[in-house]
Every structure is written in C-alpha cells, then in structure tokens.
C-alpha cells in the first residue's frame, strides 16, 4: 500500500534528537485486530492514507531521528520491506524476537552496545505532542489521564516525578496511564534492568515487562519524569482504528487533491484519503474514509470506514467498516470488519 499523505501531526526538529536512536517494538501478533492480522502485521494496517507504522516513522524522522531499530516477529519480512521502500533516508536495523517474552525483553534485545540515548515508541500507537520533551539527562515516560487505568501500566507522580510504576494493577493508585513512549538517556541501565528481570525470572502475566524494568531503575534511584501528551491514538482495536482514522483526517484538504474522474458522478464528502487507481461509480464517499489503491466502488454509500487496497464494493452501505486487501462485498448493508481476500455477496447471487 503506497503512502498517500504526509503525517498531519507536526513535531519540531530538535538538535538533541539527531544523534538519538529510536526503538519501535513491532513484533506483536495483533490478536485483537483479527482477521485483518491473519495476513499482515498490525503495524501495517492502513489509517488516514498510510500504514500506522508509516505515520510513526514519518513523525520520528521529522523530529530529527534517522536511526531506527524495529523489533519484528509476526510477518517481519513485510515490515522490513515496507520500511526500506518507503523511507530510504532512514537507517534501519531489524531485530527478530523469536519468542514472545514481553515488551521489556523485546527492548532489551534491541539495545546495541553503542547506544546511548534511546527513544522507545510502540509500533501500534500514535501521539501528538512535543518530542523535544524526551531529551536531557533524566528518563521520561509519556502519560495521559484515563478513566479506567487497570488496562495499562500506571504511573504514580509527585510534581512531575514518577515515584512508582505498576503494570495493569487491579487497584490503581493513579489514573495516569503509560501510553507507549519512553526516553532513556542511559541505554545500558535499561538493558541491565531487563537482564535482572530475566535473571531473577520476574514476570508479570507471564512476560518480562518494561514497566517492571523501569520500576527497578526507580528503586535504584534513577529519576523519571512524567510527560503528559496532547493526544494519544491506540490503533490496537478496530473501534480505535476507525476513530484514529477520523482524527488524523481532520484538517485534510477538501476536494482539490481528488482526481476529477473520481469526483465526476459521485458525492465526495471530505475529509477522505483516496489512493491511486481507484474507480468510483455513482457513490457517496465520506466523511472520514480511507480508500486504498486500486479499489472499485459502485453504487455504494461509505462513511467512517477503511478500505485497504484492491477492494471491490458494489451496492452496499458501510459505516464503521474495516475491509482487508482484495475484499469483495456486494449487495448487503452491513457493518463489518473483513480480512484480506474475503468475498461477501447477497443470497440472490
């Protein structure tokens, strides 16, 4: 799937970040996004004109980070191919996590002996905020206030200093959730904390967690700052993928970037992201719709939905739908999420 738009979240370029390496853990199987992730990694699912991972790498590069290590596993070859093809200016390194032993283990495996300052950003989560806050001599962790922090790592904070971290507590002491962005000025300290977890076999829910590694570092006296982010987009579940698509499309140009042959005979309600080679006939598209390259849409009404490349849709009404690559859908009004190469038709066919 080609990139169809640059990121619309602008983070300033910071000189302090130009020598920093970023680590993106992207080895997750994406069980909550099945069936879409049966045939590709979660980080390559489309949203607002490009894959999730494309938005993230573009933001990191805009902030001055041009050395990125990705931890891959599930369909890792697809991740490597996409990165090298789409971002030739970025120096990538790929580390395979053959056993799913947790986020802490993945980060520990990705740290190189020559790494100093590190920025770790989860591959299925997008942010809006100033990355320049993740520099300096103190470690920093991105947080947001949430209604139910039991689903997240939780930070207890006093005057912007983190005094305690806990992974998915049943009785949270705070509503500040860790959202998947971490800065470590001393990469060796992180690796050492992860190695201690492994050596002592200290697991949470069967895995070595980065939250537990950071708690060890806090107990050893290393300072951590809490950085409140402006916005946070968790793309790990279908409902949030649709919501993220809507938010990222806000502020996009109207119809001037939509080819005339697509506009003619159709009603296009911006904002939308429409890829190359798309054929649309007697249809209403938008708002907040992503249509991948090579799709064919006839006599349909589509809103608040994501269609990946090469989909064929005829005579349907879709809202809140996610269709995988080369999905065919005809003659039935539905709300659906379909993986790649599915075909759905009415009983009359």
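The values are calculated or read from the model by the stated rules, or taken from the named source; none is laboratory data. Keep in mind it's a predicted model, so treat the numbers as computed, not measured. Quick reminder, even Gly has a Cβ in these numbers, built from the backbone with ideal geometry, and neighbours come from all protein chains shown.
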From the set of residues in the range 224-235 that are at pLDDT below 85 and part of a strand (DSSP E or B), which is surrounded by the fewest Cβ atoms within 10 Å (Cβ to Cβ)? 231
Which condition does residue 162 not pass, out of (1) within 22 Å of the chain's Cα centre (by Cα); (2) in a strand (DSSP E or B); (3) under 23 Å from residue 202 (Cβ atoms), if it passes all the others? (1)
Assuming residue 188 fulfils every condition listed in (1) under 24 Å from residue 42 (Cα atoms); (2) more than 20 Å from the chain's Cα centre (by Cα) apart from one, which condition is it? (1)
Criterion first (surrounded by 17 or more Cβ atoms within 10 Å (Cβ to Cβ), outside the structural domain of residue 152 (by TED's automatic domain parsing) and in a strand (DSSP E or B)) does residue 258 satisfy it? no
Screening 186, 130 for residues that are surrounded by fewer than 23 Cβ atoms within 10 Å (Cβ to Cβ) and at pLDDT 85 or above leaves only 186
Could you say which residue among 221, 180, 206 is at pLDDT below 90 and closer than 23 Å to residue 137 by Cβ? 180
Does the range 332-347 contain at least one residue that is out of contact with any helix residue (DSSP H, G or I) (no Cβ under 7 Å at 6 or more places or on another chain), over 21 Å from residue 55 (Cα atoms), in a loop (DSSP other than H, G, I, E, B) and modelled with pLDDT of 90 or more? no
Go through the residues of the range 4-26 one by one and say whether even a single one is modelled with pLDDT of 80 or more, at positive phi, in contact with a helix residue (DSSP H, G or I) (Cβ under 8 Å, 6 or more places away or on another chain) and not assigned by TED's automatic domain parsing to the domain that holds residue 275. no
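Residue by residue, here is whether (1) modelled with pLDDT under 90; (2) farther than 22 Å from residue 252 by Cα; (3) crowded, with 24+ Cβ neighbours inside 10 Å holds:
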position: 48; (1), (2), (3): yes, no, yes
position: 53; (1), (2), (3): no, no, yes
position: 56; (1), (2), (3): no, no, yes
position: 64; (1), (2), (3): yes, yes, no
position: 69; (1), (2), (3): no, yes, no
position: 74; (1), (2), (3): yes, yes, no
position: 78; (1), (2), (3): no, yes, no
position: 81; (1), (2), (3): no, yes, no
position: 88; (1), (2), (3): no, yes, no
